[in-house]
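Enquirer: Here it is: the structure, laid out below.
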Amino acid sequence: QVQLVESGGGSVQPGGSLTLGCSASGSFFRINVMGWYRQAPGKQRELVASISAEGTLNYAESVKGRFTLFRDNAKTTMDLQMNRLEPEDTAVYYCSAYVGTRSSSGYTWNDYWGQGTQVTVSS
């Protein structure tokens, strides 16, 4: 079983900063892409940023230049540094990872999700 545990989040004023953390644990042999998604009330879940095992980064246009994604050398944790936050960034943020696991029948790849953490940007 694979678990993704998120940390960080909270409330901040416009222009402020927050850092979200995500840590993967459990039994797996490799994590490929890790990323952050967010879902605001009444809207669809959208990709915020992602990073591959090779370090290739991808950011939503709305967060480019404000958010920075880091991944540790062991490739099992990542941090999302969010600067110059705007009210439009208010949402529940979800950590996601594409994880490979071994079983008696071979190797399997699946998407895993964290429980979500609330980010509120308001004056």
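Enquirer: So which chymotrypsin sites (Phe, Trp or Tyr not before Pro) in the stretch 1-107 pass both tests, a DSSP loop state and at most 14 other Cβ atoms within 10 Å of the Cβ?
Expert: F29
Enquirer: Now for a separate question. Computed FRET efficiency, Cβ-Cβ of L47 and N73, R0 25 Å: what is it to the nearest 0.05?
Expert: 0.55
Enquirer: Sticking with the crude label model, points 7 Å out along Cα→Cβ, report the distance from L57 to W113 in nm, one decimal please.
Expert: Modelled inter-label distance: 2.6 nm.
Enquirer: Can you tell me the accessible area per residue over the chain, all protein chains present, probe 1.4 angstrom, in square angstrom?
Expert: On a per-residue basis, the chain sits at 54 Å².
Enquirer: Can you run phi through the Karplus equation (6.51, -1.76, 1.60; θ = phi - 60°) for the stretch 43-55 and list ³J(HN,Hα) in whole Hz, with x for Gly and Pro?
Expert: 10, 7, 5, 10, 6, 9, 6, 9, 9, 7, 4, 7, x
Enquirer: Then there is this: Give me the orientation-averaged projected area of the Cα convex hull of the stretch 1-44, in nm², one decimal.
Expert: Seen from a random direction, the Cα hull of the stretch 1-44 projects 4.7 nm² on average.
Enquirer: Taking the Cβ-Cβ separation of Q81 and R30 as r and a Förster radius of 25 Å, what is the calculated FRET efficiency to the nearest 0.05?
Expert: 0.50
Enquirer: May I pose another question? With the contact rule set at Cα under 8 Å and sequence spacing of 6 or more, what percent relative contact order holds for the chain?
Expert: This gives 35 percent for the chain.
Enquirer: Then there is this: With springs only between Cα atoms under 10 Å, which of T77, T101, T90 fluctuates most in a Gaussian network model of the chain?
Expert: Looking only at T77, T101, T90, the largest GNM fluctuation is found for T101.
Enquirer: Apply the Karplus parameterisation 6.51 cos²θ - 1.76 cosθ + 1.60, with θ equal to phi minus 60°, to every residue of the stretch 78-92 and state each ³J(HN,Hα) to the nearest whole Hz, in sequence, with x for glycine and proline.
Expert: 8, 10, 10, 8, 10, 10, 6, 5, 10, x, 5, 7, 4, 4, 8
Enquirer: Here is a further query. How long are the three semi-axes of the equivalent ellipsoid for the chain, computed from the Cα gyration tensor as the root of 5 times each eigenvalue, in whole Å, largest first?
Expert: 27, 14, 12
Enquirer: Can you report the principal axis dimensions of the stretch 62-123 using only the alpha carbons, biggest first, rounded to whole angstrom?
Expert: Each principal axis gives a Cα extent; for the stretch 62-123 these are 54, 23, 16 Å.
Enquirer: If you don't mind, there's one more thing I want to ask. So for the pair R102, S23, with labels modelled 7 Å out along Cα→Cβ, what separation do we get in nm?
Expert: Calculated label separation equals 2.5 nm.
Enquirer: With +1 on the Cβ of every Lys and Arg and -1 on the Cβ of every Asp and Glu, and nothing else charged, how large is the dipole of the stretch 24-69 about its Cα centre, in debye rounded to the nearest 20?
Expert: Its charge dipole is roughly 140 debye.
The values are calculated or read from the model by the stated rules, or taken from the named source; none is laboratory data. Note that the structure is predicted; figures quoted are calculated from it, not measured. Reconstructed Cβ throughout: ideal geometry from the backbone, glycine too, with neighbour counts over all protein chains shown. Side chains are part of the model used for accessible areas, which takes the heavy atoms of the whole protein and leaves out ligands, DNA and RNA. Shrake-Rupley method; radii C 1.70, N 1.55, O 1.52, S 1.80 Å.
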